[in-house]
1. Quick one: is ASP107 acidic (Asp, Glu), surrounded by fewer than 19 Cβ atoms within 10 Å (Cβ to Cβ) and assigned to a loop (DSSP other than H, G, I, E, B)?
2. Which ones in the range 182-224 are within 22 Å of GLY145 (Cα to Cα) and surrounded by fewer than 21 Cβ atoms within 10 Å (Cβ to Cβ)?
3. Any residue that is more than 24 Å from LEU70 (Cβ to Cβ) and either over 22 Å from the mean Cα position of the chain (by Cα) or aliphatic (A, V, I, L, M) (or both) - is there at least one of those in the range 244-251?
4. Pairs please, first residue from the range 46-60 and in a strand (DSSP E or B) and crowded, with 24+ Cβ neighbours inside 10 Å, second anywhere and at pLDDT 95 or above and not hydrophobic (A, V, I, L, M, F, W, C), Cβ atoms under 6 Å, 6+ apart in sequence or on different chains.
5. I'd like to verify a number: residues in the range 19-36 that are closer than 20 Å to ILE155 by Cα and either crowded, with 21+ Cβ neighbours inside 10 Å or in contact (Cβ under 8 Å) with a residue 40 or more places away in the chain (or both), how many?
6. If I filter the range 147-159 for residues that are in contact with a strand residue (DSSP E or B) (Cβ under 9 Å, 6 or more places away or on another chain), among the small types (Gly, Ala, Ser) and in a loop (DSSP other than H, G, I, E, B), do I get at least one hit?
7. Determine if the range 267-279 includes at least one residue that is among the β-branched types (Val, Ile, Thr), in a helix (DSSP H, G or I), over 28 Å from GLU207 (Cβ atoms) and modelled with pLDDT under 95.
Amino acid sequence: MAKIEDKKKEQELITKRLSVIEHRIAVMSGKGGVGKTTVAVNLAITLAKEELNVGLMDVDIHGPNVPKMLGIESRRLGGSEEGGINPIEFFPNFKVVSMAFLLQDRDTPVVWRGPLKHSLIQQFVKDVNWGSLDYLIIDLPPGTGDEPLSVAQVISKMDGSIIVTTPQDVALLDSRKSVTFSRQLQVPVIGIIENMSGLICPHCGKEINLFKVGGGRKAALELGVPFLGSIPIDPEIVQDSDRGAPFVVSHPDSKAAQAFKEVVKSVRAFTEKSDQSAVSQA
C-alpha cells in the first residue's frame, strides 16, 4: 500500500512540474557521431535567444556532453531552501540539467542498468525546479533503448521528436528506425535535420560534399515527415564545442547559425499549430 502511495505522490509531482512546461521536444539520432548533442545545444540556445524560457535536459547518461559544450562542466547541482534541485543557469532564461553535474570528475564512468537510468530521468523531471518553460529540449542518447523509452513513459505527453542524421546511407538507415520508434510510441515526428551537410571551403567559398548531400531530405520525403533543414559543416563548430562556447553565440551570422534559426522557425510553427489544434478540440 505504501508503495502505491509513493508512486501516486511521484506522479503528482511529475504532473505538477510538467503543467508549467509548455512544450517538450526530444532530440534523437539513430546512431552516434552525427552531431546530435551539438544540434540539441545550439537549437536550445537559438530558442533562448528569441527571449523564450528554455530548459535543456541531458539524458545521455553514459556520455553527458552538454555541459562540456556549454563550458559549465565544473558546475554542480544543488538543492534549494524550498526543496527540489536547482538546475544550472547558463542564461537567466536557459536552464540545464545533466548527469555530468553529478559525477566526481569527467573520467568517472556511469555503470548503470535500465532501472537506475529510469529513476534518474524521473528525478530530472519531478525534482528539478525547472519553473515555467516555453520549451524543454531533451537530448537523448543514440538509438532506441532505455533512455528514450523512459522519457516517453515519464513525460507522457511529448510534443514531438527531432531526428538528427548525416547524409551517409548508414546514418540514414538508423535515422529511419528513430522515425518508426517515435511513431510506435505515438510521439509526433517534428522532422529530420541533416547535419554535416556539405563543407564551405574557407579558401574559395565553394561547397565540398564530404558526406554527400540530400540524404536527409530524401529520407524525410520517403517517410512522410517534414525536412527541417541542413546544417553545413563548419570547423568553428568543432572548435567552439571543444572550448565550451556555443557556436550560435560565437558566430551568429554564419551559415550554420542561420540554418539553426530556420529550424527554430519550423519547430515553433509546428508547436503553434499543435496548440491551435488542441484548443479547437477542447
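The values are calculated or read from the model by the stated rules, or taken from the named source; none is laboratory data. Fair warning: this is a prediction, and the values are worked out from it, not measured in the lab. Reconstructed Cβ throughout: ideal geometry from the backbone, glycine too, with neighbour counts over all protein chains shown.
1. Answer is yes for this residue.
2. ARG183, GLN184, LEU185, GLN186, PRO188, LEU223
3. No, there is no match, as no residue in the range 244-251 is more than 24 Å from LEU70 (Cβ to Cβ) and either over 22 Å from the mean Cα position of the chain (by Cα) or aliphatic (A, V, I, L, M) (or both).
4. Close Cβ pairs (under 6 Å, with a partner that is at pLDDT 95 or above and not hydrophobic (A, V, I, L, M, F, W, C)) amount to VAL54/TYR135; GLY55/LYS95; ASP58/PRO64; ASP58/SER98; ASP58/ASP139.
5. Number of matching residues: 10.
6. No; the residues of the range 147-159 include none that is in contact with a strand residue (DSSP E or B) (Cβ under 9 Å, 6 or more places away or on another chain), among the small types (Gly, Ala, Ser) and in a loop (DSSP other than H, G, I, E, B).
7. Yes, because at least one residue in the range 267-279 is among the β-branched types (Val, Ile, Thr), in a helix (DSSP H, G or I), over 28 Å from GLU207 (Cβ atoms) and modelled with pLDDT under 95.
Yes/no per residue for (1) among the small types (Gly, Ala, Ser); (2) touching a helix residue (DSSP H, G or I) at 6+ places or on another chain (Cβ under 7 Å); (3) within 29 Å of LEU185 (Cα to Cα); (4) at pLDDT below 95:
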position: VAL54; (1), (2), (3), (4): no, yes, yes, no
position: ILE72; (1), (2), (3), (4): no, no, no, no
position: SER80; (1), (2), (3), (4): yes, no, no, yes
position: ASP105; (1), (2), (3), (4): no, no, no, yes
position: TRP112; (1), (2), (3), (4): no, no, yes, yes
position: ASN129; (1), (2), (3), (4): no, no, yes, no
